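Colleague: Questions regarding the structure given below will be posed in turn.
The values are calculated or read from the model by the stated rules, or taken from the named source; none is laboratory data. Not measured: the values here are computed from a predicted model. Note that each Cβ is placed from the backbone with ideal geometry, even for glycine, and that neighbours are counted across all protein chains shown. Protein only, heavy atoms only, side chains kept; ligands, DNA and RNA dropped before computing areas. Shrake-Rupley method; radii C 1.70, N 1.55, O 1.52, S 1.80 Å.
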Amino acid sequence: MIFELQPMLVEAAVRAALAEDLGRVGDVTTQATIPANAEAQAAIIARDRGVVAGLAAARAAFALTHRDIMFEAQANDGDRIAPETLIALVSGPARAILSAERVALNFLGRLSGVATLTARYVDAVAGASARICDTRKTTPMLRAMEKYAVRCGGGVNHRFGLDDAVLIKDNHIAVAGGVTAALRAAKANVGHLVKVEIEVDTLDQLREVLEEGADAVLLDNMTVDDLRRAVALVGGRMICEASGGVTLSNVAEIAKTAVDLISVGALTHSAPAFDVGLDIEIS
């Protein structure tokens, strides 16, 4: 199941994007060339193969520009589509359609790009128990939307922010005085419902974690052989997450180590935009 985005969150992001694009006086090109009473119909078409995400944002871009624009989705978020697939039909005041076009396509292209790249990683580990998850390496102010796109592509979400859970990283360990000290401090200072995960770089650090206890361990930049040894050492006592240096070329081998999760920053920080366009239908 793909959980829906909160409409207020989508509207706020789209309003900000429209304000950025329309600036102080609006779309001067459209105002200068298109009659105020002109109507238009348009089709949003996929130019490539991929996974759809961001229809709510595209719809909002048109709706917030003019209430009389009709937006009829012909696909659903999470759909895998081929090139030249019709994604949506748009009709209404021509000026408003043209003024909202780029913001709508930017959101649709960005989020579908994230979903498409996520699906490639998910496909690469098909048959393994490992799940592909995201990170906090997201576009500022678009994190919830990009993480939604990861779910559209078949991935799962890591924490949404610093307040979700405890994730003790190498710098925390260095300042706290070591793995054991950091874990003890964390467990002493958070509530009983807050999960605690800790990052380790070596099997010796992992053994220290196993003695002290945690809910999950992040196995950072380990070789495939060390990942396999780490999973065996843990023996199901906590969630094992592999992270660092994960690519499409090595993710299948990482999944074979039987880790539970593989976190991939590239899903959101390096996803190429999905090629999508809006074509005015000439009658």
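Colleague: Which pairs turn up if I take residues in region 3-14 that are open to solvent by 80 Å² or more (accessible area, probe 1.4 Å) and look for partners that are hydrophobic (A, V, I, L, M, F, W, C) with beta carbon separation below 9 Å, at least 6 apart in sequence or on another chain?
Modeller: 4/56; 6/144; 7/56; 7/60
Colleague: I'm told residue 245 meets every condition in (1) open to solvent by less than 30 Å² (accessible area, probe 1.4 Å); (2) outside any helix (DSSP H, G or I); (3) not β-branched (Val, Ile, Thr) except one. Can you identify the failing condition by its number?
Modeller: The single condition residue 245 does not satisfy is (1).
Colleague: When residue 112 is evaluated against the numbered criteria (1) open to solvent by 40 Å² or more (accessible area, probe 1.4 Å); (2) closer than 16 Å to residue 277 by Cα, which criterion, by number, is the only one it fails?
Modeller: Answer for residue 112: the failing condition is (1).
Colleague: Can you tell me which of 122, 51, 90 is in contact with a strand residue (DSSP E or B) (Cβ under 6 Å, 6 or more places away or on another chain) and either among the acidic types (Asp, Glu) or more than 21 Å from residue 150 (Cα to Cα) (or both)?
Modeller: 90
Colleague: Right, here's the next one. What number of residues in region 214-231 are open to solvent by 20 Å² or more (accessible area, probe 1.4 Å) and assigned to a helix (DSSP H, G or I)?
Modeller: 6
Colleague: Of everything in region 18-54 that's over 30 Å from residue 123 (Cα atoms), open to solvent by less than 50 Å² (accessible area, probe 1.4 Å) and among the β-branched types (Val, Ile, Thr), which residue is nearest to the chain's Cα centre (by Cα)?
Modeller: Among those that are over 30 Å from residue 123 (Cα atoms), open to solvent by less than 50 Å² (accessible area, probe 1.4 Å) and among the β-branched types (Val, Ile, Thr), it is 30.
Colleague: Search region 248-276 for residues being over 22 Å from residue 157 (Cβ atoms) and either charged (D, E, K, R) or under 17 Å from the mean Cα position of the chain (by Cα) (or both), and hand back the single one that is surrounded by the fewest Cβ atoms within 10 Å (Cβ to Cβ).
Modeller: 253
Colleague: Restricting to region 74-91, and then to whatever is among the polar types (S, T, N, Q) and open to solvent by 50 Å² or more (accessible area, probe 1.4 Å), can you tell me which residue is farthest from residue 4 (Cα to Cα)?
Modeller: By that ranking, first place goes to 74.
Colleague: Determine which single condition residue 282 fails, assuming it passes every other condition in (1) part of a loop (DSSP other than H, G, I, E, B); (2) in contact with a Leu (Cβ under 6 Å, 6 or more places away or on another chain).
Modeller: Failing condition for residue 282: (2).
Colleague: Could you list all residues from region 248-279 that are assigned to a strand (DSSP E or B) and under 13 Å from residue 129 (Cβ atoms)?
Modeller: 261, 262
Colleague: Is region 119-136 home to any residue that is of a type in the set (A, V, I, L, M), without any contact (Cβ under 8 Å) to a residue 24 or more places away in the chain, in contact with a helix residue (DSSP H, G or I) (Cβ under 7 Å, 6 or more places away or on another chain) and open to solvent by 30 Å² or more (accessible area, probe 1.4 Å)?
Modeller: no
Colleague: Can you find a residue in region 233-246 that is among the basic types (Lys, Arg) and more than 30 Å from residue 180 (Cβ to Cβ)? Working first, answer last.
Modeller: As a first pass, look at region 233-246 and keep what is among the basic types (Lys, Arg): 237.
With more than 30 Å from residue 180 (Cβ to Cβ) added as a condition, the list becomes none.
No.
Colleague: Also, quick follow-up: Quick one: residue 193 ticks every box in (1) surrounded by fewer than 22 Cβ atoms within 10 Å (Cβ to Cβ); (2) aliphatic (A, V, I, L, M); (3) assigned to a strand (DSSP E or B) except a single one, so which number is it?
Modeller: Residue 193 satisfies every listed condition except (3).
Colleague: Okay, next question. Go through (1) of a type in the set (Gly, Ala, Ser); (2) surrounded by fewer than 20 Cβ atoms within 10 Å (Cβ to Cβ); (3) part of a helix (DSSP H, G or I); (4) in contact (Cβ under 8 Å) with a residue 60 or more places away in the chain and name the single condition residue 57 misses.
Modeller: (2)
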